Protein chains: 2
Amino acid sequence: MFTVEKIKKISKVDYKTQKDELMLKVGELQRKAKELKVPILIIFEGMQGTGKGLIINELLLSLDPRGYNLYNNPDDRKNLTERPMFWKFWEHLPKTGEISIFYRSWYFSTLWREKDYNRSCIDINNIEEFLQDSGMVVLKFFLYTSKNEQSKRLKRFEKNPLSSKKSRRIALRKNKHYDEIMDKWEKIIQISDNGIVDWHIVCAEDLNFAKLEVLKLISQELENRLEVKTSQIPIVLPTIQSFDLSTVDLKQNIKPKEYKETLKKYQKRLHDLQFEVFKKKIPVIIAYEGWDAAGKGGNIKRLVEKLDPRGYSVIPISSPNDFEKSRPYLWRFWHYFPKFGYFAIFDRTWYGRVLVERVENFATELEWKRSYKEIREMEEQWVNSNAVVIKFWLQIDKDEQLRRFEERKNNQDKQWKITDEDWRNREKWDEYELAVSEMIARTNNIRAPWTIVPSNNKYYSRLFVLKTVIEAIEDHLKK
Amino acid sequence: MFTVEKIKKISKVDYKTQKDELMLKVGELQRKAKELKVPILIIFEGMQGTGKGLIINELLLSLDPRGYNLYNNPDDRKNLTERPMFWKFWEHLPKTGEISIFYRSWYFSTLWREKDYNRSCIDINNIEEFLQDSGMVVLKFFLYTSKNEQSKRLKRFEKNPLSSKKSRRIALRKNKHYDEIMDKWEKIIQISDNGIVDWHIVCAEDLNFAKLEVLKLISQELENRLEVKTSQIPIVLPTIQSFDLSTVDLKQNIKPKEYKETLKKYQKRLHDLQFEVFKKKIPVIIAYEGWDAAGKGGNIKRLVEKLDPRGYSVIPISSPNDFEKSRPYLWRFWHYFPKFGYFAIFDRTWYGRVLVERVENFATELEWKRSYKEIREMEEQWVNSNAVVIKFWLQIDKDEQLRRFEERKNNQDKQWKITDEDWRNREKWDEYELAVSEMIARTNNIRAPWTIVPSNNKYYSRLFVLKTVIEAIEDHLKK
C-alpha cells in the first residue's frame, strides 16, 4: 500500500515562490510544445477527496487557455452508454500542440468492471503505447491520502454539487472501504505501470505539497521529453506467407434473372437483421477496400438499398482533413464508430495506412510497419465492445479495370468517376498488389477476418457481399 | 387542411424510368454544389406513416455518400437535454459543398411546446434566414397522407424497432388524433412559410408519386438556386448614437490591500454561485472583448481561479480553422454553448465579425452590417434558453496600451505575449474605436447588455468584472 510520508510543512512564502516559478515554467513548456506541435495528454486519477480538482485548477492557471481542454470523465458504471467505453476518450484526445487533461480516465472506467476487466487493461496498455508511438506525451498521476485525512475531506466535500449526486451520496461510504478501494487501485496501477507510460504516484496528504509536486513532475517530464523524438528503432515484422491474389477465381458469373431474385431475397433478409441488430444493440462495422473501379460504390448502394436510413451511415474515407491530421491517424476511425445497434459502412478504411500511404510514401516505413499491430489492436478493441467487424477486399484483374476505366471515360454520366489519379494508381498496380497481399496476411484473424470478393462480375460481387454480411450477423446473433 | 389529391397511378416502367433519370440529375447537382462549395440543408417533416424513411433512402441512393449526412432528430420532448434545443441542429448543419438531411427538425421539436412555442417559431424563422443569407440552400418538405392511409400504414409500422419505442407505442393513438395533429402542423407551416424558405407540401398517399415528386422538387430547386448568389442589396442600418468610449472614466484606482481582500471575498462568492448555477442548470456565457493588452488573460484567470474546473471552460477565439470556415460564421459559437449549469468564457467572441473582420476587410460590408442583427438574434436565442449572457469590453486608453506593449517587449517572461500584429493593430486604433463604438450601440440590449470595464488599473478591472458577473447571476437566480 502506498504509504503516507511525513511531509515537512512548507511555509506560505516558500510555497508561493516555488509555485509561481513552476507555473511560469509550465507555461513556457506549453508554448514550446505548441511550437513543436507535440500533443500532451495528462491523466489524473486518485482516491476520493485527494483534491484532484484543486490541483488541476492550479495547473490550468499556469496554462494558456488557447491550448488546453479538460475532460471530466463521468461515473458511468451504471449508465447505458451508446458507444464503447474508449470512444469518449478518443474524442477528447489532444490535437497537435495542445494539452488534454483527463479528470479521471480509462482507469476509473475500468476499475469496477468484472467481466471484461482484464481485456480492458490490455486495451489500455495497447492504446497508451499507440498514443506514445504516435508522438503524444502521455503523463499519468495517481493521488492519494491517508484514510484519516480522506475522512476529514469527504465530510467537507459533501456539499459540492458539481460532483455527481451519486458520488456524493456514496462519498462517505467510500471512506469505510478505503482499504479495499486502495487495493483495487494498486492492482490496476501495477498492471499499467507498463514501461510505456509510467505512473507518478503523488501523496496529497498536504495539498500544497501535492500541487508543487505535480507541477514539478510535469515540468520535468516535459523538459525531458519534448525534444526527444519517438523511437526510430526499425521494426522487424515476423516472416509470413503473403496472400496470393492470383488464386482468387474471378470467372464466376451470374445471370440477371437469378441476380434480381437473389438480391431481393438477401436485401429483405438484411432488412430484417437490421432490426435484430438494433434490438440487441450490436454495432456493425463494414469495411470496403478494393481496386479502383472494383465497384465499391455500386456494391454499397445494394447493401443499404432496403435498410432504414436512420440505422446506418456510409463513411467515405479520403485523405484526412486538417482537423483529422492534427490527431493520431486512427482517431477518425474511432470517431466514426457507430452507436450500439447501428451500421457504419466505410468506403475505404484505416487500411489506407498500409496501402496508399505505404505505396505513395505518405507514411514512413516505421509508421506503416507498426500499423499492422495497431490496426489489429483497434479491431480487437472493437470486437471486445461486441461489434461485428467485416472487412471486404473487392478483387478484379488488371484487364477488367482497364475495361471499366475506358467505359467511364466514354460514358458522359460516368466521366466524373474517373480521374488522372486513377490512371496513376494503375501504373503502380504491382506495388499495390504487394501491399494488399501483405495486408491481408498480416491483419486477417478470426475475430475480424478478411473476405476477398471476386468482383469481375458485379452481380456476383454484390450478392457475395450481402451473403457474407448476413452470415456474419447471423453468427453473431447466435452467440 | 391539406387535401389528398386523386393521384394517377404510375406504371412500374414509367416510375422506374423517371426515377432513374431524376436520380442521375440529383447526383449531378450534388457534384455541382460541391464544386461551387454551396452547403445544402434538406428538412423532412411529416405525419407518422408517410414514408419519410423510404423517401429519404431513395434520395440517399442518388447521392455520392462522400458528401451527405443524415441527422435523425429524436423525439426528445420528455428527455432532459443538456443544451438548448437548437444546439444539436447547429452541430449537424452541412459544411460547404455538402448536404445535410434532417429527418425531422426544429419544427418537430417545436410542435408540442407550449410555453415557448411562439418564441421558438421566431427563432426558427431567424435561423433559417441567417442560414440562407450565409449562402446555404435550405429546402423544407412536409409529407402527409389521408387518415385512412395512415391507419393502414401505422399497423404495418408497429414492428419497426428503429422508430423509438415510445413513438411505436403511441403510433396508433396518433391516428385517432389525426385531425388535431394535422391542425398543429398546418399552423406551424403557416407561421414558417416565411418568404425566406418556403415549404414544399407533398402528398404521400401514393408512395411512388411522393418519391418522384421529392426528387423532382429537389432537382428543380437546386438547378435554380445553385448559381444564384445571395442577395447583394445593400443594408441600410438605422441611424443610432454611437457609444462614446472617451466618456469612460479610466482614473479609478484601488490599493493592493483592498484589492486582495475584495478579490478573496468576490471569488468566494462566485465559487458559491457556481454551485447554485449548477443546481439550477443555468448556462452562463461570459464574453470578453477589449483592446490588445487590456488585460483579458489576467482578468479571466482571477475570474476562474477559485471555480471548480469541471464547471467551466475558457474558449479562446482566434481566426477560424478549416473546419470552422466550412460552416456559417456563427457556427463555432453555438458549438461551444455550455451545458446547462456550466460556464463558457469566451476570450474574444462572435463580435470579431464587426471588429477585426470589419476593419481588416475579412468580411464584406454587407456581411458585417448584416451581422448586428444576426448576433442580436443569436444572443436572444441563448437568453430564451435560460442563459445568462454577460459581455465585457475592457477599455484602456492609447497611452496605457503603449506602456504595456513596452513592458512586454522588455520583460523576458512576457515577450511571447506581444507580436507584430499587436503593433499593426495599434496603428489602426481610430478605425477600431469607430467599430467598437458602433458595435456597443447596435448590440446593447437589456437581455444581453454590454458592460464597459475601465481597465487602466488592472485591479479595478478584475474586481469590476467579478462584481458584474456575481450580480448578473444573482439577478438571474431571483427570477
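Tell me which helices (runs of 4 or more DSSP H) are completely within the range B:1-103 and hold 3 or more residues being touching a Ser or Thr at 6+ places or on another chain (Cβ under 7 Å), or say none if there are none. Steps first, please.
Values: elements: B:12-36, B:52-61, B:85-91.
Counting at least 3 such residues, we get B:12-36.
For the range B:253-285, the set of residues classified as open to solvent by 50 Å² or more (accessible area, probe 1.4 Å) and farther than 30 Å from B:PHE337 by Cβ consists of B:ASN253, B:LYS255, B:PRO256, B:LYS257, B:GLU258, B:LYS260, B:GLU261, B:LYS264, B:LYS265, listed by residue number.
In the condition set (1) at the interface with chain B (Cβ under 10 Å from one of its Cβ atoms); (2) buried (at least 18 other Cβ atoms within 10 Å of the Cβ), A:ASN69 is compliant with all but (2).
Taking the range B:249-267 on its own, how many of its residues are among the aliphatic types (A, V, I, L, M) and part of a helix (DSSP H, G or I)? Reasoning before the result, please.
Quick first cut of the range B:249-267, residues among the aliphatic types (A, V, I, L, M) only: B:250, B:254, B:263.
Restricting the remaining residues to those that are part of a helix (DSSP H, G or I) gives B:263.
Adding up the residues that qualify gives 1.
Please specify each residue of the range A:383-414 satisfying the condition of being within 37 Å of the chain's Cα centre (by Cα) and free of Cβ contacts under 8 Å to residues at least 60 places away in the same chain. Residues satisfying the conditions are A:LYS398, A:LYS414.
Given (1) more than 30 Å from B:GLN132 (Cα to Cα); (2) of a type outside the set (Val, Ile, Thr); (3) assigned to a helix (DSSP H, G or I), identify the lone condition not met by B:TRP393. For B:TRP393, the exception is condition (3).
Listed by first and then second residue, the pairs with beta-carbon distance under 8 Å, at least 6 apart or on different chains, first residue in the range A:1-26 and over 28 Å from A:LEU63 (Cβ atoms) and at pLDDT below 90, second open to solvent by less than 50 Å² (accessible area, probe 1.4 Å) and small (Gly, Ala, Ser), are A:VAL4/A:SER146. Here B:GLU471 passes the criteria (1) open to solvent by 40 Å² or more (accessible area, probe 1.4 Å); (2) in contact (Cβ under 8 Å) with a residue 12 or more places away in the chain; (3) not polar (S, T, N, Q) except the one numbered (2). Of the helices (runs of 4 or more DSSP H) lying entirely inside the range A:146-230, those containing at least 1 residues that are modelled with pLDDT under 85 and surrounded by fewer than 18 Cβ atoms within 10 Å (Cβ to Cβ) are A:147-157, A:165-169, A:171-176. Within the range B:92-124, the only residue that satisfies the criterion of being closer than 22 Å to B:PHE141 by Cβ and loosely packed, with under 14 Cβ neighbours inside 10 Å is B:TRP112.
Considering (1) open to solvent by less than 30 Å² (accessible area, probe 1.4 Å); (2) touching a residue at least 60 places away in the same chain (Cβ under 8 Å), the lone condition that A:ARG370 does not fulfil carries the number (1). For the criterion of being touching a Pro at 6+ places or on another chain (Cβ under 9 Å) and at pLDDT 95 or above, A:GLN395 passes. Taking every residue in the range A:49-67 that is farther than 29 Å from A:LYS152 by Cα and pairing it with any residue that is of a type in the set (Asp, Glu), at least 6 positions away or on another chain, the pairs with Cβ-Cβ distances below 6 Å are A:GLY67/A:GLU98.
Take the conditions in contact (Cβ under 8 Å) with a residue 40 or more places away in the chain and either facing chain A (nearest Cβ under 9 Å) or not basic (Lys, Arg) (or both) and apply them to B:LYS279. Does it pass? Yes, satisfied. Inspection of the range B:49-58 identifies at least one residue that is more than 10 Å from chain A (Cβ to nearest Cβ), over 30 Å from the mean Cα position of the chain (by Cα) and either among the small types (Gly, Ala, Ser) or open to solvent by 50 Å² or more (accessible area, probe 1.4 Å) (or both). Do we have any residue at all in the range A:62-69 that's closer than 27 Å to A:ASP179 by Cβ, among the hydroxyl-bearing types (Ser, Thr, Tyr) and in contact with a strand residue (DSSP E or B) (Cβ under 8 Å, 6 or more places away or on another chain)? Scanning the range A:62-69, I find no residue that is closer than 27 Å to A:ASP179 by Cβ, among the hydroxyl-bearing types (Ser, Thr, Tyr) and in contact with a strand residue (DSSP E or B) (Cβ under 8 Å, 6 or more places away or on another chain), so the answer is no.
Going by the conditions given, is A:PRO316 within 11 Å of chain B (Cβ to nearest Cβ) and surrounded by fewer than 19 Cβ atoms within 10 Å (Cβ to Cβ)? Taking the combined requirement at face value, the residue satisfies it.
Would you confirm whether any residue within the range B:294-307 is touching a Ser or Thr at 6+ places or on another chain (Cβ under 8 Å) and open to solvent by 10 Å² or more (accessible area, probe 1.4 Å)? Spell out how you get there, then give the answer.
The initial filter retains those residues of the range B:294-307 that are touching a Ser or Thr at 6+ places or on another chain (Cβ under 8 Å), namely B:294-295, B:299.
Adding the requirement that they be open to solvent by 10 Å² or more (accessible area, probe 1.4 Å) leaves B:295.
Yes, the range B:294-307 contains at least one residue that is touching a Ser or Thr at 6+ places or on another chain (Cβ under 8 Å) and open to solvent by 10 Å² or more (accessible area, probe 1.4 Å).
The values are calculated or read from the model by the stated rules, or taken from the named source; none is laboratory data. Keep in mind the model is a prediction, meaning the values are calculated, not measured. We place every Cβ from the backbone using ideal geometry, glycine too, and count neighbours over all the protein chains shown. With ligands, DNA and RNA removed, areas are computed over all heavy atoms of the protein, side chains included. Shrake-Rupley method; radii C 1.70, N 1.55, O 1.52, S 1.80 Å.
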